[in-house]
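What follows is one structure encoded as structure tokens, with my remarks underneath.
The values are calculated or read from the model by the stated rules, or taken from the named source; none is laboratory data. What you are looking at is a predicted structure, and each value in this text was computed from that prediction instead of being measured. Cβ placement follows ideal geometry from the backbone for every residue including glycine, while neighbour counts extend to all protein chains displayed. Protein only, heavy atoms only, side chains kept; ligands, DNA and RNA dropped before computing areas. Shrake-Rupley method; radii C 1.70, N 1.55, O 1.52, S 1.80 Å.
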Amino acid sequence: MDKNSLNKPIAHGRTADVYDWDDGHILKLFHDWFELENIEYEQKIARAVHASGVQTLAVGDLIQVDGHNGLLYERAEGESMLVMFQRKPWMVFTYSRLLAKLHAQMHECVFNAEVPPQQAKLKNKINHADALSASLKSTLLDTLNSMPNGDRVCHGDFHPANVLISENNATVIDWIDASRGNPLADVARTTVIFLGAVETNQISNPVAKIFLRLFHTIYLREYFRLRPHVGNEYHRWLPIIAAARLTEEMPELEKWLVEQAGH
């Protein structure tokens, strides 16, 4: 098929654009620079997540359109939770509790597929975090080695932009960073995303910062109501996750992430 025969993209992304395909599917068409190996990995991980029982989209074939590689996905109606929250910030209680419910449901699912272990991914990121001193890296890696492993589905980048909401359903998307691991590390990742936006210049609007902080507070309270835990394990994950995020090349967050990694 020729790319020109497609309609205009319905969404743009860093690695791909999304197009209508047919009544039941959309096409995620990747940019030329995105390696075929990475696309095949996304297909593999998306299939494994769907098979585990998580509320997510089924992935289909890998196809070519005018020389561009693409993946067919089950069609999902709706908009991202982030867009809906920006439009209706007074719905903060509803959206934050839904985010917690989806995260808790995900963490009830055991990941039996051959997917990367969470700890191995985190170790690799910390080793490549150039902003950290050698001594802090060593301390963080020692702490990471002491943390309990897990066998649950962990998203790796769970936040409102990666949840699609329709009239009767909510679906988690974008599983490229998924791993088999400890749910509390996954929750810590969500915390670092929220608080990084609130505590730095990543978001400049002071009212938006207030609503995001409230969103995070309600999400965390509801998650731990649904999946109670004892002890300080969640808090021990926070410096590890902050350190790992330093590899994502976001200059506006670097100073704050280094501070959090040192806590």
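Worth a mention:
- Qualifying residue in segment 94-106 (condition: in a loop (DSSP other than H, G, I, E, B), of a type in the set (A, V, I, L, M, F, W, C) and buried (at least 19 other Cβ atoms within 10 Å of the Cβ)): no
- Just one residue in the set I203, I218, I210 is in a helix (DSSP H, G or I), free of Cβ contacts under 8 Å to residues at least 12 places away in the same chain and within 19 Å of W90 (Cα to Cα); that residue is I210.
- Only one of the numbered conditions (1) surrounded by 14 or more Cβ atoms within 10 Å (Cβ to Cβ); (2) closer than 24 Å to K88 by Cβ; (3) basic (K, R) is not met by R245, and that is (2).
- Among the criteria (1) closer than 30 Å to S138 by Cβ; (2) under 20 Å from the mean Cα position of the chain (by Cα); (3) free of Cβ contacts under 8 Å to residues at least 24 places away in the same chain; (4) part of a loop (DSSP other than H, G, I, E, B), the one A197 does not fulfil is (4).
- Residue that is nearest to K101 (Cα to Cα), among those in segment 56-69 that are in a loop (DSSP other than H, G, I, E, B) and open to solvent by less than 80 Å² (accessible area, probe 1.4 Å): L57
- Unique residue being part of a helix (DSSP H, G or I), under 25 Å from F111 (Cβ atoms) and in contact with a Phe, Trp or Tyr (Cβ under 8 Å, 6 or more places away or on another chain) when the list is R189, R245, R225: R189
- Residue in segment 174-184 that is of a type outside the set (F, W, Y), in a helix (DSSP H, G or I) and at pLDDT 95 or above present: yes
- From D32, D17, residue being of a type in the set (D, E), open to solvent by less than 60 Å² (accessible area, probe 1.4 Å) and more than 17 Å from the chain's Cα centre (by Cα): D17
- For segment 249-263, a residue qualifies if it is open to solvent by 50 Å² or more (accessible area, probe 1.4 Å), part of a helix (DSSP H, G or I) and touching a Leu at 6+ places or on another chain (Cβ under 9 Å), and exactly one does: E254.
- The number of residues in segment 74-93 being touching a helix residue (DSSP H, G or I) at 6+ places or on another chain (Cβ under 8 Å) and part of a strand (DSSP E or B) comes to 1.
- Condition broken by W33, with the remaining ones in (1) at pLDDT below 90; (2) part of a loop (DSSP other than H, G, I, E, B) satisfied: (1)
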